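S.K.: Sending over a structure as structure tokens; questions will come in a sec.
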Amino acid sequence: MSARSAVPADSAETVVPPRCPKAAVSPATARSFALASLVCAALVALCTFAPGRALAAPAGPFDVEGPSDAYAWDGSTLSVTANGVAIVGMADPSSGSTGDVSVAAGVNYLDVGSNVRIDTLTMAGTTGLRLAGSGNEVGAWNMVRNAGVSGEGAVTLGAVQQPLEVLPSATVVLAGGAPAVSIWAGGTLVLDPASSLGTITHFGGTLDLSRIPLGSPLSIVGYSVGGQQTFNTIVAPFGATRLSELLAVNNLFVNGGDTAIMEDGERVGTLQDDGSFLITATRTVTFVGWDGQVLDTQTVPLFGAAAAPDVSAPEGYRFTGWDRDFSYITQNVTVAAQFEKLPEPAPQPTPTPAQPSGGNAATASAAKTSKYLPAPSKLAATGDAGSPIGLAVGAAGVVALGAALAARKRES
């Protein structure tokens, strides 16, 4: 029988497609694959059922990270009972919702992210608030003893029940009241005009008073600033020259060190022992005269006054003053002299020749001759020049005149 006839008839009609050969797997390799599958399954189960954010417990309006058995929400208050809990934000940031938070004794820190809004924060032990972002708000902070704020973030506080410490890198805006605040190197305390507090201890860091209106000082009991080898900063509104314009302090202690005064982002001076600001920043004032000619350039202290130079006016003009005030200098400025054109003189009339005081030449000759004549005789009371008596008197006068002239001629 041929090889073909030995194959069953039905198999001769079946076409089997070619297949890739299977690699041989040893029993040891198979056991290794099975063990790896069990490990992966265990890890998946651990990640699924382990406490944490994957199975976060209800937290009301807050977005919370940490062990689910370390916090609980009862419908109005988030209770934190163990370390490792962080309120990273709000569950619905656009809703404007808030809630209360209560921290049990033994919790070291409550971590807060950004834009967290807490109505009342209650701490039963020595617990710090550690910030990781900005925009955080706490309406009231109740605690049994001092508490600190630290971290790379900012928070606005309302009423604070116990003394507060502003620690490195944190920024605290005090919008309410506090019995006392200490500012340490790297920390920043911002006072709001509506805030009220007892004392401030400023041993490094920054006290920001830029929100306090000039001339409306915030009243506090005491302010102690400085210390040997310390660097402090006071941020003041632009134009301030004394601490008393911003703080009404019953007891002020300036303890040396370097306390810089910053205004509008510029160091303008240094705090003095009496609370005044030694202004060291300067400005340049340039005075110009006719046709922009520079008359004088002065370097004056910020908020100080410049001295006016002498000014010469060109012919036909007069100096009338300056184009701006320079008694309070806040920036580099050019002050220009102002001039006014003098009016043209009125035209004068042409003089006429002078006339002799006696009239004409004939009159002058007669006046000269008359001095040799005798005084005329008075006419009779009843006579006149046309009467016989007057004619007689006139004739006598003529004779006397002739005699007088003859005598004068002989004398000469």
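Throughout, read-outs are computed from the coordinates displayed, never taken from laboratory work. Remember, it's a predicted structure, so these values are computed and weren't measured experimentally. As a convention, Cβ positions derive from the backbone with ideal geometry for all residues, glycine included, and neighbour counts pool all protein chains shown.
S.K.: In what sequence do SER195, SER134, SER150, SER95 fall when counting other Cβ within 10 Å, fewest first?
M.R.: Placing the least packed residue first, the sequence is SER95, SER134, SER150, SER195.
S.K.: Continuing with this model, one more query. Going by a ≥ b ≥ c, the root eigenvalues of the Cα gyration tensor, does segment 109-150 fall in the rounded group (a/c under 1.5), the prolate group (a/b larger than b/c) or the oblate group?
M.R.: Here segment 109-150 falls in the oblate category.
S.K.: Which FRET efficiency value, to the nearest 0.05, do you get for ALA194 and ALA260 by plugging their Cβ-Cβ distance into 1/(1 + (r/R0)^6) with R0 = 35 Å?
M.R.: It comes to 0.85.
S.K.: Could you put ASP111, ASP69 in order, starting from the residue whose Cβ has the fewest other Cβ atoms within 10 Å?
M.R.: ASP69, ASP111
S.K.: Here's something else I'd like to know. Take the alpha-carbon centre of segment 61-111, take the same for segment 134-168, and report the distance between them in whole Å.
M.R.: Each part reduced to its Cα centre gives a spacing of 16 Å.
S.K.: For the pair ALA159 and TYR328, what calculated FRET efficiency results from E = 1/(1 + (r/R0)^6), where r is the Cβ-Cβ distance and R0 = 56 Å, to the nearest 0.05?
M.R.: 0.90
S.K.: On to the next question. Assign one of three labels to segment 110-183, namely rounded, prolate or oblate, based on the Cα gyration tensor with a ≥ b ≥ c the square roots of its eigenvalues; rounded applies when a/c is under 1.5, prolate when it is not and a/b is larger than b/c, and oblate otherwise.
M.R.: Verdict is rounded for segment 110-183.
S.K.: Quick one: order ARG267, ARG324 by neighbouring beta-carbon count within 10 Å, fewest to most.
M.R.: Sorted ascending by nearby Cβ count, the order is ARG324, ARG267.
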